[in-house]
Amino acid sequence: MSKQPPIAGADPKDRYAQIPQPEAELLRLYGDHTLAFFGLAPKNRHFLASGGSGLVNYQLMHKVAVVLGDPVCAPEAHEHVARRFLDFCALHRWRVAFYQAAPGRLAAYRSLHLRAFKMGEEAILHPQTFTLRGSALANVRTSCRRAEREGVDIQWYEGAPPVDVMQHLEDITGVWLGQKARKQAEERGFGMGRVDELTESAEQAEMIATISTPASVLPLAAPRLLTAVAKTSAGQPCAFVTFTPIYGCFASEVTVPGRQSEMQGWGWTLDLMRRVPNAPPGVMELLLVRAMERFRVCGAHRVSLGLVALADSRQEMTAAGRALARFVTDRTALLGPSRTLFAFKRKFDPCWESRYLVANTTLGLPNIMRAALKLRNSSGDGQD
């Protein structure tokens with residue numbers, strides 16, 4: 001069963017009130033990947049598998065159903081839900097792409113005769129073990145101390161920021177967009193937030209957090225949308241970050257090559273990260289470090305710093321994957337920003353987890369990539 005996006009122009013509160021309980025409950029229970037939160041945004045379509053066993057959130061672009069991450073469902077139901085969605089798309093003669101699929105789901109995709117292509121790596125931090133001690137984070141320590149000496153102060157807002165704070169965020173975003181190399185730069189909206197949708201996102205997070213489910217099933221503390229604003233010693237806002245929730249009631253231990261076992265579970269994803277050009281040096285590092293301290297106290301298991309497109313620190317890309325990367329870089333200005341992002345996030349000594357584009361065709365891969373890139377580089381409003 002697939003549901004269309006609500007009517008454009010409807011009041012945001014009314015649109016989020018229209019989210020059915022099964023979809024919201026599935027997200028709260030199993031929305032454990034970083035794109036899951038964005039799946040219920042009003043502009044997306046939603047496929048609910050029979051019996052409410054799982055949810056697939058997607059946008060349609062040029063007859064390609066581009067799915068935000070993996071299906072939202074219990075791990076044992078993944079293959080079933082993916083199969084039902086593929087059958088649904090076949091009826092409409094749509095191609096399918098799972099965007100930013102996790103490595104733990106690849107076996108199920110391959111059993112469905114899908115092809116996986118590595119598209120980058122996601123930087124993951126674990127608040128309960130994160131520390132500034134040691135040589136690995138020496139540069140981060142130095143940057144934070146410099147920002148502190150400059151008198152940087154950080155204020156936190158849970159949920160929708162006040163109107164005056166929103167105006168500061170919009171002003172910073174306007175300056176930030178003006179610094180982009182591409183003319184008429186705009187905010188993206190597929191798999192990431194936008195300042196003009198921040199209030200709506202906060203309302204969605206609040207609605208999901210208040211779902212009534214036995215405490216034995218869900219953690220008592222449900223993450224809300226968080227915003228941190230940095231101010232100069234003169235009290236002028238100069239930078240901000242936002243964090244969206246990562247859900248999931250089950251914490252599990254995973255082993256990453258070259259690392260000790262780490263605990264996966266609920267937490268937050270870094271979404272927007274913006275600053276004005278004359279912001280004090282080290283302000284972004286200080287924002288993230290203070291966030292990790294806050295998340296540790298909250299009991300969060302995991303914080304994602306987001307995907308770095310085309311990153312391949314483990315040298316896992318196949319020849320086909322490298323060809324796909326060349327296809328992407330030939331058509332976008334993605335490589336330069338990716339290198340800068342990788343260098344910045346690497347300073348925090350994260351665990352790097354591979355992410356994949358999983359498709360139901362190889363011959364149609366160029367068209368699939370065009371559809372995914374068009375969504376990524378636009379406001380995210382899908383088309384038939």
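Could you please give the count of residues in the stretch 44-67 that are touching a Phe, Trp or Tyr at 6+ places or on another chain (Cβ under 9 Å), surrounded by fewer than 24 Cβ atoms within 10 Å (Cβ to Cβ) and more than 26 Å from residue 303 (Cβ to Cβ)?
Of the residues in the stretch 44-67, 6 are touching a Phe, Trp or Tyr at 6+ places or on another chain (Cβ under 9 Å), surrounded by fewer than 24 Cβ atoms within 10 Å (Cβ to Cβ) and more than 26 Å from residue 303 (Cβ to Cβ).
Do we find a residue being open to solvent by less than 60 Å² (accessible area, probe 1.4 Å), touching a Cys at 6+ places or on another chain (Cβ under 9 Å) and either under 25 Å from residue 68 (Cβ atoms) or not hydroxyl-bearing (Ser, Thr, Tyr) (or both) anywhere in the stretch 133-144?
No, there is no match, as no residue in the stretch 133-144 is open to solvent by less than 60 Å² (accessible area, probe 1.4 Å), touching a Cys at 6+ places or on another chain (Cβ under 9 Å) and either under 25 Å from residue 68 (Cβ atoms) or not hydroxyl-bearing (Ser, Thr, Tyr) (or both).
Conditions tested, residue by residue: (1) at pLDDT below 85; (2) open to solvent by 30 Å² or more (accessible area, probe 1.4 Å); (3) over 30 Å from residue 96 (Cβ atoms); (4) aromatic (Phe, Trp, Tyr).
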{"residue": "253", "(1), (2), (3), (4)": "yes, yes, yes, no"}
{"residue": "256", "(1), (2), (3), (4)": "yes, no, no, no"}
{"residue": "259", "(1), (2), (3), (4)": "yes, yes, yes, no"}
{"residue": "264", "(1), (2), (3), (4)": "yes, no, no, no"}
{"residue": "274", "(1), (2), (3), (4)": "no, no, yes, no"}
{"residue": "286", "(1), (2), (3), (4)": "no, no, yes, no"}
{"residue": "292", "(1), (2), (3), (4)": "no, no, yes, no"}
{"residue": "318", "(1), (2), (3), (4)": "yes, yes, no, no"}
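If you take the residues in the stretch 96-132 that are open to solvent by 30 Å² or more (accessible area, probe 1.4 Å) and basic (Lys, Arg), which one is nearest to residue 365 (Cα to Cα)?
115
Within the stretch 273-321, how many residues turn out to be more than 30 Å from residue 118 (Cβ to Cβ) and not aliphatic (A, V, I, L, M)?
Result for the stretch 273-321: 12.
Considering only the stretch 91-128, state which residues are touching a strand residue (DSSP E or B) at 6+ places or on another chain (Cβ under 7 Å), among the aliphatic types (A, V, I, L, M) and more than 30 Å from residue 292 (Cβ to Cβ).
Within the stretch 91-128, 96, 97, 114, 116 qualify.
Answer with yes or no whether residue 208 is in contact (Cβ under 8 Å) with a residue 12 or more places away in the chain, more than 22 Å from residue 67 (Cα to Cα) and surrounded by 13 or more Cβ atoms within 10 Å (Cβ to Cβ).
Judged against the criteria, residue 208 is not a match.
Could you say which residue among 370, 326 is open to solvent by 20 Å² or more (accessible area, probe 1.4 Å), over 18 Å from the mean Cα position of the chain (by Cα), closer than 30 Å to residue 93 by Cα and at pLDDT below 70?
326
Out of all the residues in the stretch 133-150, is one or more at pLDDT 95 or above, among the β-branched types (Val, Ile, Thr) and touching a Pro at 6+ places or on another chain (Cβ under 7 Å)?
The answer is no; no qualifying residue exists.
I need the full set of residues from the stretch 39-62 which are part of a loop (DSSP other than H, G, I, E, B) and either closer than 22 Å to residue 269 by Cα or modelled with pLDDT of 90 or more (or both), in order please.
41, 42, 43, 44, 49, 53 - these are the residues of the stretch 39-62 that are part of a loop (DSSP other than H, G, I, E, B) and either closer than 22 Å to residue 269 by Cα or modelled with pLDDT of 90 or more (or both).
Report the residue count in the stretch 145-168 for those that are part of a strand (DSSP E or B) and either open to solvent by 40 Å² or more (accessible area, probe 1.4 Å) or in contact with a His (Cβ under 9 Å, 6 or more places away or on another chain) (or both). Explain how you work it out, then say what you get.
As a first pass, look at the stretch 145-168 and keep what is part of a strand (DSSP E or B): 153-158.
With either open to solvent by 40 Å² or more (accessible area, probe 1.4 Å) or in contact with a His (Cβ under 9 Å, 6 or more places away or on another chain) (or both) added as a condition, the list becomes 153, 155-158.
Qualifying residue count, the stretch 145-168: 5.
The values are calculated or read from the model by the stated rules, or taken from the named source; none is laboratory data. A quick note: this is a predicted structure, and the numbers were derived from the prediction, not measured. For neighbour counting, all protein chains shown are included, and Cβ atoms are generated from backbone atoms with ideal geometry for every residue, glycine included. SASA here: full protein model, heavy atoms, side chains in, ligands and nucleic acids out. Shrake-Rupley method; radii C 1.70, N 1.55, O 1.52, S 1.80 Å.
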